[in-house]
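What follows is one structure encoded as structure tokens, with my remarks underneath.
Every number here is computed from the coordinates shown, using simple stated rules; none is lab data. Since the structure is predicted, the reported quantities are computational estimates derived from the model, not experimental observations. A quick note on method: Cβ atoms are made from the backbone with ideal geometry, for glycine too, and the neighbour counts reach across all protein chains shown.
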Amino acid sequence: MSGPTGSGVQNWDVEKGRTYELTISHVAECAHGGTDATLGVRVKSSSAGNTDLVATLVVPGTYKFRFTLPANSACTMPIRYCTAPGDANPGLNVNRNDGEKFQAHLRVSVFEPGCANPIGLSGENCVSTATRSGSWGSVKQHYR
């Protein structure tokens, strides 16, 4: 694992096929204020599909879980918490570990020998959102 990197979304470079132990802290919005023994977690992936997991309580507000990256992983993988398996509830974004209000993602990468210089993997299923320019007036008109 390498990271975090990124001035907006925080990326943690990880390798497919490997298992990682991840920690989510400052949970207060669900799981009885972060005191329940378990917490629903979803790792989202456009290339490998979403994975529902259960994190276990470490101390109030802090949960840990293990995740193995599927062999067909690519792109970045946002993590959500306060989820339930099979439930459409999107949950809440896991944010950066430095308190900034941007998301934290796993970024599927390959590493040079010695776990150096991670290079993010992209693929045909990596989704990007096209943008188009417009004036503020046209945006307001569109959303009235």
Legend entry - For Thr76, Thr23, Thr62, order by how many other beta-carbon atoms lie within 10 Å, fewest first: Thr23, Thr62, Thr76
Inset, instruction - Arrange Glu100, Glu112, Glu15 by Cβ neighbour counts within 10 Å, fewest through most, would you? - result: Glu112, Glu100, Glu15
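Going highest first, how would you order 41-48, 84-91, 6-13 by mean Cβ packing within 10 Å?
Averaged packing, sorted descending, gives the order 41-48, 6-13, 84-91.
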Legend entry - Nearby aspartates and glutamates by direct alpha-carbon distance to Lys16 (threshold 16 angstrom, same-chain neighbours under 8 apart not counted): Glu112
Legend entry - Nearest-0.05 FRET efficiency for Glu100 and Thr19, computed from C-beta distance (R0 25 Å): 0.35
Inset, instruction - Take Arg66, Arg80 and order them by how many other Cβ atoms sit within 10 Å, fewest up front. - result: Arg66, Arg80
Inset, instruction - Note down the nm distance, to one decimal, between modelled labels 7 Å out along Cα→Cβ at Thr56 and at His32. - result: 1.8
